[in-house]
There are 2 protein chains.
Amino acid sequence: MSAFRLVGTDGAARAGVVSTVHGPVETPVFMPVGTQASVKALSSADLEALGARIILGNTYHLALRPGADLIREQGGLHRFMAWPRAILTDSGGFQVFSLRERRTLDEDGVTFRSHLDGSAHRLTPERAMQIQADLGSDIAMAFDECPPSGAPDAELDGAMARTTRWAARSLAAQRSPGQLRFGIVQGGVDLKRRRAHLAEIAGLGFDGLALGGLGVGEPPEVMHGVVAAVTPQMPAAAPRYLMGVGTPRDILAGIAAGIDMFDCVMPTRNARNGQLFVPGGRLNIANARHRRDARPVDEGCTCECCASYSRSYLAHLFHARELLYYRLATIHNLRHYLDLARGARAAILEGRFTAYCADTLDADLNA
Amino acid sequence: MSAFRLVGTDGAARAGVVSTVHGPVETPVFMPVGTQASVKALSSADLEALGARIILGNTYHLALRPGADLIREQGGLHRFMAWPRAILTDSGGFQVFSLRERRTLDEDGVTFRSHLDGSAHRLTPERAMQIQADLGSDIAMAFDECPPSGAPDAELDGAMARTTRWAARSLAAQRSPGQLRFGIVQGGVDLKRRRAHLAEIAGLGFDGLALGGLGVGEPPEVMHGVVAAVTPQMPAAAPRYLMGVGTPRDILAGIAAGIDMFDCVMPTRNARNGQLFVPGGRLNIANARHRRDARPVDEGCTCECCASYSRSYLAHLFHARELLYYRLATIHNLRHYLDLARGARAAILEGRFTAYCADTLDADLNA
């Protein structure tokens with residue numbers, strides 16, 4: 001049985017449903033990032049109230065603390081964090097390859113030192129999948145090699161080939177009952193490489209495919225171009241996931257190209273730094289003009305933050321470093337992102353996705 | 001009309017109702033501390049879910065940031081923090097007198113330097129009441145002089161006399177519509193002084209009376225002795241408030257003596273430091289034995305923290321410094337304190353308060 005059901009298209013944009021052990025996920029969908037078994041500042045009840053249907057957990061972080069064995073003993077990640085809906089876990093590849101000076105690569109895997117205490121650890125495709133099986137996520141990502149933005153051609157080619165070999169090993173490894181496995185397409189911003197690698201990974205039999213190694217420093221226009229060119233060539237019968245991307249504009253560009261799933265720390269991280277998403281762009285709550293503004297962050301938003309609290313109050317909480325600020329700001333920004341994807345889905349099903357994008361992007365340009 | 005209605009007694013312990021502009025408050029009651037227009041880590045919906053009926057705000061902190069004028073312009077403290085139930089504000093006296101090296105006292109008031117930026121400010125009885133009127137609290141506290149624990153007799157006597165003069169000025173100052181005013185009884189741990197000052201303050205016509213300057217470093221037994229001796233001599237027709245106290249044991253001792261209202265940062269501050277209140281005493285979530293404990297913090301508790309999350313998960317959040325920890329721990333500890341006072345009220349009304357105390361204190365001794 002396929003994990004994906006297509007329910008509508010509008011141009012290249014798609015509306016669908018991903019079936020997981022922990023319920024269906026309507027797409028396009030934004031997945032809040034819960035790095036350390038917590039979407040920062042939010043409880044599972046908060047996520048439920050936001051209408052989140054799938055969140056992301058980080059294999060690298062969870063394996064280091066509290067440890068995959070502990071989470072398995074505690075009944076898996078869902079039970080540990082009291083989240084009854086779907087979870088996608090990454091493979092740790094992206095984090096491990098970000099530890100430039102702290103890791104050594106060989107054909108079998110990567111040895112690295114923890115950013116927490118410097119202790120030595122090792123990830124291989126089998127170990128990354130074992131950890132994800134221990135966590136019990138609904139969707140496990142294959143262990144891949146992520147070359148840095150602007151890597152030389154030889155490094156790109158080597159990373160693609162190794163990622164393909166590791167993808168096959170990831171598929172052969174253990175998984176938890178009903179766990180879906182997604183492969184990751186690398187290839188930088190070179191279309192020929194992207195397409196070649198897509199063909200390799202698409203042939204392995206994954207339940208879904210992801211574009212990795214994008215949104216890592218290249219100009220947005222370049223990234224949009226790669227996504228627009230490559231996504232329509234990804235298998236239509238499987239979910240398509242653009243990893244770690246991005247701004248609302250990036251997400252609409254991805255949806256327009258046929259991407260179904262997104263994750264990014266931007267809404268949660270920006271919230272904590274004072275940047276709040278509004279239809280006209282973003283506002284910086286630290287700005288003096290908000291100090292006496294009795295309006296909510298977004299007058300059209302019905303999240304708990306906007307329903308009850310003023311910009312003036314949020315500005316006070318932010319300046320006073322009150323813990324409540326982080327939760328309210330995170331709730332608002334995630335609501336903005338979740339609504340963006342939900343609005344796109346509704347627009348696709350009603351054949352007005354182009355207008356939806358134009359309205360949203362115009363607002364963004366006016367910010 | 002009296003602000004207080006007595007609905008039952010059990011020995012010296014009382015059950016009553018304080019009537020405020022923002023609704024009735026059943027006593028004995030614990031008031032969560034919302035220093036900077038926020039009970040740390042909690043939203044107003046969280047406080048509502050906990051069943052809080054009155055919270056405390058700090059005049060000193062709010063006057064410095066964001067400023068009483070700003071809060072008044074934003075519709076008052078209730079609207080600013082979206083809390084529709086009762087608020088008691090202190091007068092700032094306790095905080096100002098804690099700034100030992102940063103303040104100078106004269107008969108008219110106190111000049112002090114802000115702990116935030118060193119800027120110069122002044123509080124007088126009239127200014128403290130004006131700020132509380134601007135905040136629009138339901139209960140305003142008179143501006144008092146708080147001598148340090150163990151102050152010499154001459155300093156105690158001077159502080160008592162000045163507190164009486166300032167109390168009269170506080171009562172003559174402006175208030176917001178329907179705002180109740182409570183006087184503060186000083187006198188250290190000397191019963192003769194306490195009783196003399198009580199007689200002075202009780203004669204001024206306040207809506208309620210508070211015992212100040214206790215729980216400031218003296219041994220608990222000494223404090224309990226003062227409270228037990230003085231409280232029964234406080235006017236029975238008005239609410240009685242023991243300021244800034246204390247442990248669950250202190251609160252039960254206060255209730256046994258006839259105190260109606262309590263506030264303390266202990267449940268909220270201890271939560272953030274890892275100390276969680278349980279019937280058997282407290283547990284330190286940082287302790288290694290909780291790392292793999294699948295039980296909730298308190299198996300008899302139905303708060304959001306205990307209903308959904310394990311000690312193991314909380315220990316992980318605490319070690320990882322995840323923001324969610326602070327909210328869940330605060331919810332649990334406040335629930336423990338609110339339930340303690342609610343349980344005492346029920347026990348008083350059923351004539352079993354002594355047994356309630358014994359059960360609770362026995363559990364505490366076994367911790």
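B:Val21 to B:Ala286: extension gain in nm, 0.36 nm per residue of separation minus the Cα-Cα distance? Walk me through the numbers on the way to the answer.
Working: separation 265, 0.36 × 265 = 95.40 nm, distance 4.22 nm.
Net length gain for the segment: 91.2 nm.
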Within region B:1-129: Cβ-based charge dipole about Cα centre, in debye rounded to nearest 20 (Lys, Arg +1; Asp, Glu -1): 120
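Suppose R0 equals 45 Å. What FRET efficiency, 1/(1 + (r/R0)^6) with r the Cβ-Cβ distance, do A:Ala161 and A:Arg79 give to the nearest 0.05?
The computed FRET efficiency comes out at 0.70.
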- prompt: What FRET efficiency do you get for B:Asp362 and B:Gln233 if R0 is 30 Å and r is their Cβ-Cβ distance, rounded to the nearest 0.05?
  reply: 0.50
query: So what's the angle, to the nearest 10 degrees on a 0 to 90 scale, between helix A:353-365 and the longest Cα principal axis of chain A?
result: 60
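Probe radius 1.4 Å, ligands and nucleic acids left out: can you give me the accessible area buried at the A-B interface, summed over both chains, in Å² to the nearest hundred?
Details: alone 14940 and 14960 Å², together 26650 Å².
Roughly 3300 Å² of accessible surface disappears when A and B pair.
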message: For peptide B:309-316, what's the mean number of Cβ atoms from other chains within 10 Å of each residue's Cβ?
response: 5
message: Averaged across B:58-67, how many Cβ atoms of other chains sit within 10 Å of each residue's Cβ atom?
response: 2
- prompt: Share of region B:16-163's accessible area from carbon and sulfur, percent, 1.4 Å?
  reply: 49
message: Show me, for region A:73-79, the HN-Hα J-couplings you get by feeding each phi into the Karplus relation (A = 6.51, B = -1.76, C = 1.60, θ = phi - 60°), rounded to Hz, glycine and proline as x.
response: 4, 7, x, x, 5, 4, 5
field: Qualifying trypsin sites (Lys or Arg not before Pro) for region B:299-367 [loop in DSSP, other Cβ within 10 Å: at most 15]
entry: B:Arg321, B:Arg352
message: Could you tell me how far the Cα centroid of region B:111-126 sits from the Cα centroid of region A:333-365, in Å?
response: 50
B:Ile87 long-range amide H proximity, modeled H, under 5 Å: B:Ile55, B:Asp138, B:Ile139
- prompt: Between region A:127-184 and region A:19-60, what is the C-alpha centre distance in whole Å?
  reply: 21
statement: With a 1.4 angstrom probe the carbon and sulfur portion of accessible area for region A:232-367, in percent, totals 50
statement: Where a ≥ b ≥ c are root eigenvalues of the Cα gyration tensor, a/c under 1.5 meaning rounded, otherwise prolate if a/b exceeds b/c and oblate otherwise, the protein assembly as shown counts as prolate
- prompt: Any idea how far apart B:His115 and A:Ser114 come out in nm if each label point goes 7 Å out from Cα toward Cβ?
  reply: 3.5
- request: Note the angle between two axes, namely the Cα long axis of helix B:220-230 and the longest principal axis of the Cα atoms of chain B, as a number of degrees from 0 to 90, rounded to the nearest 10.
  value: 50
statement: Along region B:131-137, Karplus-curve 3J(HN,Hα) (6.51, -1.76, 1.60; θ = phi - 60°) to the nearest Hz, with x for Gly and Pro, reads 4, 5, 5, 4, 5, x, 5
message: Restricting to DSSP loop positions (anything but H, G, I, E, B) with no more than 11 other Cβ atoms inside 10 Å of their own Cβ, which GluC sites (Glu not before Pro) remain in region A:281-354?
response: A:Glu299
field: Farthest toward positive dipole pole in region A:278-329 [+1 Lys/Arg, -1 Asp/Glu at C-beta], among A:Ala294, A:Ala320, A:Tyr309
entry: A:Ala320
message: Starting from the 7 Å offset along Cα-to-Cβ, what nm value, one decimal, do you get for the label separation of B:Glu350 and B:Glu48?
response: 3.0
- request: Could you let me know the centre-to-centre spacing of region A:237-264 and region B:249-282, using Cα atoms, in angstrom?
  value: 50
- prompt: Roughly how big is region B:184-337's charge dipole about its Cα centre, with Cβ charges of +1 (Lys, Arg) and -1 (Asp, Glu), in debye to the nearest 20?
  reply: 520
message: Give me the inter-chain shielding for B:75-88: mean count of other chain Cβ atoms within 10 Å, whole number please.
response: 2
- request: Filter the GluC sites (Glu not before Pro) in region A:26-127 down to the DSSP loop ones having no more than 12 other Cβ atoms within 10 Å, then list what survives.
  value: A:Glu107
- request: Take the alpha carbon atoms of region B:169-268, find their radius of gyration, then divide it by 2.2 N^0.38 Å using N residues; give the quotient.
  value: 1.06
message: With +1 assigned to the C-beta of every Lys and Arg and -1 to the C-beta of every Asp and Glu, and no other charges, what is the dipole magnitude of the protein assembly as shown about the Cα centre in debye, to the nearest 20?
response: 60
- prompt: Residues with amide H under 5 Å of A:Thr27's amide H, sequence separation 5 or more or different chain, H placed in the peptide plane at 1.01 Å from N; which?
  reply: A:Gly16, A:Val17, A:Val18
field: Across the identical copies, how the B:Glu155 labels are spaced - nm, sorted shortest first, 7 Å along Cα→Cβ
entry: 6.6
- prompt: Given H placed 1.01 Å from N in the peptide plane, which residues other than close sequence neighbours of A:Gln74 have an amide H under 5 Å from its amide H?
  reply: none
task: With a 4.7 Å Cβ cut-off, tell me which Cys residues in chain A come up empty for a partner.
output: A:Cys146, A:Cys264, A:Cys303, A:Cys305, A:Cys357
message: Suppose each label sits 7 Å from its Cα in the direction of the beta carbon; what would the B:Arg5-A:Arg321 distance come out to in nanometres?
response: 4.6
statement: If N is the residue count of chain A, its Cα Rg over 2.2 N^0.38 Å rounds to 0.97
task: Can you tell me which of A:134-140, B:19-25 comes out highest on packing, and rank the rest after it, using the mean Cβ neighbours within 10 Å?
output: A:134-140, B:19-25
message: Nearest 10 degrees is fine. How inclined is helix A:323-349 to the longest principal axis of chain A, computing both from alpha carbons?
response: 70
For B:Met160, solvent-accessible area (1.4 Å; no DNA, RNA or ligand), Å²: 20
- prompt: Under the Karplus relation 6.51 cos²θ - 1.76 cosθ + 1.60, θ = phi - 60°, what is the ordered set of whole-Hz ³J(HN,Hα) values for region A:170-186, x standing for Gly and Pro?
  reply: 4, 5, 7, 7, 5, 9, 7, x, x, 5, 7, 10, 10, x, 10, 9, 9
- prompt: Among the lysines, which fall within straight-line cross-link reach of A:Lys40, defined as a Cα-Cα distance under 20 Å, with same-chain neighbours fewer than 8 residues apart omitted?
  reply: B:Lys40
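The values are calculated or read from the model by the stated rules, or taken from the named source; none is laboratory data. Keep in mind that this is a model prediction, so the values were computed, not measured. Cβ atoms come from the backbone with ideal geometry, glycine included; neighbour counts cover every protein chain shown. Note: areas computed on protein heavy atoms with side chains; ligands, DNA, RNA excluded. Shrake-Rupley method; radii C 1.70, N 1.55, O 1.52, S 1.80 Å.
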